[in-house]
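The values are calculated or read from the model by the stated rules, or taken from the named source; none is laboratory data. Bear in mind the structure is a predicted one, so any value in this text is a computation, not a measurement. Cβ atoms come from the backbone with ideal geometry, glycine included; neighbour counts cover every protein chain shown.
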Amino acid sequence: MRRFILAITGASGVCYGKRLFDYLQSRAELHVVLSERGAELCNIELDIGSGYFARENVTVYKNSKMNSPIASGSFPVDGMAIVPASMGTIGRIAGGVSSSLIERAADVMLKEKKKLVLVPRETPLSAIHLKNLLALDQAGAVILPASPAFYQGPKTVDDLVDFVVARILSQLGVEHDLLPPYRP
């Protein structure tokens, strides 16, 4: 069974992280970390608590628990997605600052040359945001903004969310049926 880390940070758009979790939780071993603000937004935007993520094949960590297994390069993992990724989290990762488990796990992904998918949802982007995103791209991260397309003819908000989640799954190398192949 494949093993992934999912982090949810304090940017609006936690629906993307929840949908990714829902899709992967029966298909992979998941290691989940919510920032304090990420947990707050799960409650505000989706009316779910952090207990939602306590499932079979899922280990949930406190973001303050820096001695967790996912903080080590020796922990075997297939990739990590931060969905959504706040600009504060992105800035700290880009600067090499690991003051939380999410930041440390992301740092480990970069140093071990493993797949790290960052899903920023902020708009507009400042020059500082762009510099941090460029630095992370150059370090090997995948920058995947939460920007759904419309060519697939979405009918619902869930269709728009599934578009972004399908792109994340593709970057993680996970086959899925969330998005039909593009047909012009």
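At least 3 residues being closer than 30 Å to residue 127 by Cβ and of a type outside the set (D, E, K, R) is the threshold, and among the strands (runs of 3 or more DSSP E) wholly inside the range 1-114 those reaching it are 3-8, 79-85. The residue pairs whose first member lies in the range 169-181 and is touching a residue at least 40 places away in the same chain (Cβ under 8 Å) and hydrophobic (A, V, I, L, M, F, W, C), whose second member is surrounded by 17 or more Cβ atoms within 10 Å (Cβ to Cβ) and not in a helix (DSSP H, G or I), and whose beta carbons are closer than 8 Å, counting only pairs six or more residues apart or on different chains, are 169/178; 172/4; 172/79; 172/81; 172/115; 172/117; 174/28.
When the range 84-106 is examined, which residues are found to be without any contact (Cβ under 8 Å) to a residue 60 or more places away in the chain, buried (at least 17 other Cβ atoms within 10 Å of the Cβ) and over 14 Å from residue 132 (Cβ atoms)?
Keep residues of the range 84-106 that are without any contact (Cβ under 8 Å) to a residue 60 or more places away in the chain, which gives 90-99, 103-104.
In the following step, the residues that additionally are buried (at least 17 other Cβ atoms within 10 Å of the Cβ) were identified as 90-94, 98, 103-104.
Answer for the range 84-106, where residues must be without any contact (Cβ under 8 Å) to a residue 60 or more places away in the chain, buried (at least 17 other Cβ atoms within 10 Å of the Cβ) and over 14 Å from residue 132 (Cβ atoms): 98, 104.
Return a yes/no flag: does the range 15-26 have any residue that is basic (Lys, Arg), out of contact with any Asp or Glu (no Cβ under 8 Å at 6 or more places or on another chain), buried (at least 19 other Cβ atoms within 10 Å of the Cβ) and closer than 20 Å to residue 178 by Cβ. The answer is yes, given that some residue of the range 15-26 is basic (Lys, Arg), out of contact with any Asp or Glu (no Cβ under 8 Å at 6 or more places or on another chain), buried (at least 19 other Cβ atoms within 10 Å of the Cβ) and closer than 20 Å to residue 178 by Cβ.
Among residues of the range 1-19 that are closer than 18 Å to residue 160 by Cα, those with a Cβ under 9 angstrom from a residue that is aromatic (Phe, Trp, Tyr) and crowded, with 22+ Cβ neighbours inside 10 Å, sequence gap 6+ or separate chain, pair up as 18/53. If you go through the range 49-83 and keep only what is of a type in the set (A, V, I, L, M, F, W, C) and loosely packed, with under 14 Cβ neighbours inside 10 Å, you end up with just 54.
In this entry, residue 161 passes the filter for residues that are β-branched (Val, Ile, Thr), under 26 Å from residue 5 (Cβ atoms) and surrounded by 10 or more Cβ atoms within 10 Å (Cβ to Cβ).
Examine the range 150-162 for a residue that is among the small types (Gly, Ala, Ser), modelled with pLDDT under 95 and either out of contact with any strand residue (DSSP E or B) (no Cβ under 9 Å at 6 or more places or on another chain) or over 21 Å from residue 107 (Cβ atoms) (or both), and state whether such a residue exists. Yes, some residue in the range 150-162 is among the small types (Gly, Ala, Ser), modelled with pLDDT under 95 and either out of contact with any strand residue (DSSP E or B) (no Cβ under 9 Å at 6 or more places or on another chain) or over 21 Å from residue 107 (Cβ atoms) (or both).
Just to be sure, is residue 57 on the phi > 0 side of the Ramachandran plot and not charged (D, E, K, R)? Yes, satisfied.
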